[in-house]
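What follows is a short report on a single structure.
The values are calculated or read from the model by the stated rules, or taken from the named source; none is laboratory data. Given the structure is predicted, the values throughout are model-derived calculations rather than measurements. Because the Cβ atoms are built from the backbone with ideal geometry, glycine has one as well, and the counts that use them run over all protein chains shown. Accessible surface is based on the protein model in full, side chains and every heavy atom, while ligands, DNA and RNA are left aside. Shrake-Rupley method; radii C 1.70, N 1.55, O 1.52, S 1.80 Å.
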Amino acid sequence: MRFFSRERAAAIFSKECKHILRDPFTLIIALLLPLAIVLILGNSIEFNIRSIKMAYYDDDRTESSRMLIDTFGSSDYFKPYPIDNPDAGFDEILAERARAVLVVPPDFEREVLAGRTGNVQVMVDGADNSSIIAITNYMSTINTNAAVKILKMNTSASPLSFKSRYLFNPELNSRWFSVPGLSAVIIALVAIMLTTLTICREWEKGSMEMLLSTPATTLEIIVGKVLPYAILSFIGFILVFIVARTVFGVPFVGSYLTLTLATLLFILGYLAMGLFISVSTHKQEVAIQFALIVGLLPTVVLSGFVFPVEYMGGIYQAVSDVFPARFYIEITRDQFLKGSPITALWRQFAAIGAIAVVLLVACLTRFKRTLE
C-alpha cells in the first residue's frame, strides 16, 4: 500500500467540491462574509476624524480672536458655532451637541500682540475617547497656523497656549471608555447564542413539535423558553458592572434604575432576535451562522463599541440604527461617565424599545406559522 495515493486524494477533493456547490449557504459564508467584513471595516474605520462640532465663546471680540476661530473653521477638522456664555459650553458637551468648547479670554489680543502667551481654554468631552487623541493632535497644528495669521509672520514658537480640560474622563483612561460597552457584547453573546443553540437543539430532537402540540399558547411558550436566558443575560451584565467598578476602577455617576431599564429592554430585544433565528432555521449550524452575521458582528463593528458611529459613512450609520446595541452602548457610557437623566436619553430608550417590540411580534408571527 502506498503511503499517499493521489487518486484517493483527488476523489475526496472532488466529493468535497460537489458538496460545497450543492450548499449555497456554505458558499455565501465562505465568499460573501469575508467580503462583507472587509467592506464594513474598510468603510467604518476612520482615523482622520473630521467635522468635529466645537462650541466657542469669544470674550475678546477682536480681529485676533476672530482669526483664531476662523483657523479652526477653515481646517475642515472642526465645525465651530457660537454660544452665549462660557458656562453654556458644559451643557453643550453634556447634551452631546459639541465634542469640544473653545473659550477666548477678554485680553487675548493684547497679550498676543505684546509678545506674551495668549491663554485659551479648551474643554473636551473626555467620555468619548475615540476623538480625544485626534482633537489634541489637531490643536497643535491649529495653534501654529493661528499664530502665523495673527502675527503675520512665520514662527515656530507660537505665543498661544491652549489650556485643555477633559470632562468626565480627566485621565483619558481608555478602559473607562471601552469597558462599559462590553456589557452589550456579553448580553448579545449570551442572549443570542444560548437561545439559538438550545431551541434549535429541541427542533432537531423533535421535542419542540411536541411542545407546540400542547394546549400552551405561543406567548406562554416564548416566555417560558426565553425567561431563563434573560436571567443569565442580566447576570452577565451584573458581572461586567462589578468588574468595571472593582477591577478597572470605572466610575459610575448615573442612575442604577436608568441603566437597569435600558439593560432589560436590550436583553429583551436580543433574546427575541435569537428566538426568531432559531424558529426560522431549526438547525444549530445554520442558526449559529445567522447569529454571528445578524447579531454579534454588528454588535461589535456597527454599534460604536470600537469605531465611532458618527464618523462612519451615511449608509453604515443607517444600518447601525437597526441594531439596539448602538443605542444601548450610548446609554451605558453615559450612565457610567456623565450621568444624564433618563429624559435626556429618551431617543435611545425609544429606539431600543421599538426594535424589541418589532422582534417580539415577528417571533409570535413566526411561531403561529410553525403551528400551522
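Given points 7 Å out from each Cα along the Cα-Cβ axis, report the residue 91 to residue 76 separation in nanometres with one decimal.
Here the modelled spin labels are 3.5 nm apart.
Given a 1.4 angstrom probe, I'd like the percentage of the accessible area of the range 85-154 that is carbon and sulfur, rounded to a whole number. Don't jump to the answer; show the numbers that get you there.
On the way: 1650 of 3140 Å².
The computed percentage sits at 52.
Leaving out ligands, DNA and RNA, what percent of the accessible area of the range 307-372 is carbon and sulfur, probe 1.4 Å?
On the way: 2020 of 3110 Å².
Its accessible area is 65 percent carbon and sulfur atoms.
Length gain on complete extension for the stretch residue 319 to residue 220, per 0.36 nm per residue less the alpha carbon to alpha carbon distance?
Values: separation 99, 0.36 × 99 = 35.64 nm, distance 3.23 nm.
Between residue 319 and residue 220, full extension yields an extra 32.4 nm.
How do 112-123, 90-101, 75-86 rank on mean C-beta neighbours within 10 Å, highest first? Don't skip to the end; give the middle numbers.
Details: 112-123: 17.2, 90-101: 19.2, 75-86: 15.3.
Ranking, from highest mean packing down: 90-101, 112-123, 75-86.
Counting pairs of alpha carbon atoms under 8 Å apart in space and at least six apart in sequence, what relative contact order in percent does the range 213-372 give? Present the calculation step by step, with values, prior to reporting the outcome.
Numbers: 139 pairs, mean separation 55.2, N = 160.
Reported as a whole number, the value is 34 percent.
Just add up the charged neighbours of residue 270: K/R +1, D/E -1, any other residue whose Cβ is under 15 Å from the Cβ of residue 270. Numbers along the way, then the final one.
Working: positive: 225, 326; negative: none.
Residues near residue 270 contribute +2 overall.
Counting Lys +1, Arg +1, Asp -1, Glu -1, what net charge surrounds residue 292 among other residues with beta carbon under 15 Å of its beta carbon?
Working: positive: 283; negative: 285.
Taking every Cβ under 15 Å from that of residue 292, the sum is 0.
Hey, got the dipole for the range 59-130? About the Cα centre, +1 on K and R Cβ, -1 on D and E Cβ, debye to the nearest 20?
Details: 7 positive and 15 negative charges, 40 e Å.
Using only the charged Cβ atoms, the result is roughly 200 debye.
Please state the shape class of the range 216-310: rounded when a/c is under 1.5, otherwise prolate if a/b exceeds b/c and oblate if not, all from the C-alpha gyration tensor. Write down the numbers at each step before the final one.
Working: a/c = 2.37, a/b = 1.45, b/c = 1.63.
It comes out oblate by the Cα gyration axes.
Using label points projected 7 Å from each Cα along Cα→Cβ, tell me how many nm separate residue 346 and residue 163, to one decimal.
A separation of 3.8 nm, rounded to one decimal place.
Say R0 is 30 Å: what FRET efficiency, to the nearest 0.05, do residue 292 and residue 174 get from their beta-carbon distance?
Details: r = 26 Å, r/R0 = 0.88.
Calculated value: 0.70.
Report the local net charge at residue 89: Lys and Arg +1, Asp and Glu -1, summed over other residues whose C-beta lies under 14 Å from its C-beta. Walk me through the numbers on the way to the answer.
Numbers: positive: 53, 97, 99, 163, 165; negative: 58, 59, 84, 87, 91, 92, 96, 125.
Result for the local shell: -3.
Quick one: how many Å² of residue 285 are accessible to a 1.4 Å probe, rounded to 10?
Accessible area, nearest 10 Å²: 120 Å².
Quick one: if you stick a label point 7 Å off each Cα along the C-beta vector at residue 84 and residue 285, how many nm between them?
Label-label distance for residue 84 and residue 285, simple model: 6.6 nm.
Select from 279, 306, 340 the residue farthest towards the positive end of the dipole of the range 279-372; place +1 on Cβ of Lys and Arg, -1 on Cβ of Asp and Glu, and compute about the Cα centre.
279
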